[in-house]
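Chemist: Just passing along the structure, written as structure tokens.
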Amino acid sequence: MDTIGKRIQSYREKQKLTIEDLANRTNLSEEFIRAVEVEDRYPSLQPLVKLARALGVRLGTFMDDHVSHDPLVTRLDERTEELVMHPDGKEPGLRFHSLGKGKTDRHMEPFFIELMPESAKDHHLSSHEGEEFIIVHSGKVRIKYGQEVTILEKGDSTYFNSVVPHNVACAGDEMAEIYAVLYFPE
């Protein structure tokens with residue numbers, strides 16, 4: 001399977017776009033786009049959403065490699081890590097496991113996400129069109145939504161408009177796990 005960075009590069013090249021063209025469409029630096037394509041590193045979902053929009057595809061397109069039949073079933077032991085966020089540019093902070101991979105006609109992006117303690121160091125707020133629903137599976141999770149900070153624990157959930165600047169991170173010294181469903185309007 002190609003990395004997400006290689007898939008982004010492939011979509012860019014199919015559209016005969018240079019890195020400079022894509023940088024102009026997204027307001028991301030050329031250096032950043034090169035790092036995404038070559039090193040497969042990104043600090044958050046926000047730049048990936050910008051890249052997907054600029055290329056005219058869904059965010060999930062970067063993760064799909066086969067088409068499923070309805071209903072899509074994802075077995076626990078078949079889950080694979082699809083995406084790792086490096087908020088500080090070095091240590092992994094969040095590990096995403098796509099739960100919708102292969103359903104190419106989906107309108108939501110469901111994930112199982114592991115939030116490492118390192119994610120708590122990141123206080124950068126991001127925003128994008130759409131909505132998010134999160135339920136905590138284990139550990140403690142810090143949600144910063146605008147200026148409001150909330151700590152969620154096992155079984156707690158939140159649903160919010162993601163155009164408001166927000167940050168989701170681990171709230172303790174131990175890894176937290178969440179299920180998250182993101183909706184990005186067309």
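The values are calculated or read from the model by the stated rules, or taken from the named source; none is laboratory data. Note that the structure is predicted; figures quoted are calculated from it, not measured. Counting neighbours? That spans all protein chains shown, and the Cβs are built from the backbone with ideal geometry, glycine included. Heads up: the accessible areas ignore ligands, DNA and RNA and are worked out on the full protein's heavy atoms, side chains in. Shrake-Rupley method; radii C 1.70, N 1.55, O 1.52, S 1.80 Å.
Chemist: Given the condition of a type in the set (Lys, Arg) and open to solvent by less than 80 Å² (accessible area, probe 1.4 Å), answer yes or no: does some residue in the range 117-131 qualify?
Modeler: Checked the range 117-131: no residue is of a type in the set (Lys, Arg) and open to solvent by less than 80 Å² (accessible area, probe 1.4 Å).
Chemist: Quick check on my filter: what residues within the range 133-174 are hydroxyl-bearing (Ser, Thr, Tyr) and within 16 Å of Met116 (Cβ to Cβ)?
Modeler: Ser138
Chemist: Additional query: Which condition number in (1) modelled with pLDDT under 80; (2) out of contact with any His (no Cβ under 9 Å at 6 or more places or on another chain); (3) farther than 28 Å from Arg142 by Cβ; (4) in a loop (DSSP other than H, G, I, E, B) is the one that Lys90 fails?
Modeler: (3)
Chemist: Here is a follow-up. When the residues of the range 22-75 are narrowed to those that are assigned to a helix (DSSP H, G or I) and either at pLDDT below 80 or hydroxyl-bearing (Ser, Thr, Tyr) (or both), which ends up most open to solvent (accessible area, probe 1.4 Å)?
Modeler: Here the residue is Gln46.
Chemist: Residues of the range 148-163 being of a type in the set (S, T, N, Q) and at pLDDT below 95, which ones?
Modeler: Answer for the range 148-163, where residues must be of a type in the set (S, T, N, Q) and at pLDDT below 95: just Ser162.
Chemist: Oh, and also: Strands (runs of 3 or more DSSP E) wholly in the range 115-186 with at least 1 residues that are without any contact (Cβ under 8 Å) to a residue 12 or more places away in the chain - which ones?
Modeler: 148-153
Chemist: Let me ask you something else. May I ask you to list the residues in the range 86-105 that are among the basic types (Lys, Arg) and surrounded by fewer than 18 Cβ atoms within 10 Å (Cβ to Cβ)?
Modeler: Of everything in the range 86-105, just one residue is among the basic types (Lys, Arg) and surrounded by fewer than 18 Cβ atoms within 10 Å (Cβ to Cβ), namely Lys90.
Chemist: Same structure again: Answer with yes or no whether Pro110 is modelled with pLDDT of 90 or more, in contact with a strand residue (DSSP E or B) (Cβ under 8 Å, 6 or more places away or on another chain) and on the phi < 0 side of the Ramachandran plot.
Modeler: Answer is yes for this residue.
Chemist: Might you check whether a residue that is without any contact (Cβ under 8 Å) to a residue 12 or more places away in the chain and at negative phi occurs anywhere in the range 85-94?
Modeler: yes
Chemist: Then there's this: Taking the residues in the range 132-152 that are closer than 22 Å to Glu177 by Cβ and of a type in the set (S, T, N, Q) as candidates, determine which candidate is surrounded by the fewest Cβ atoms within 10 Å (Cβ to Cβ).
Modeler: Here the residue is Thr150.
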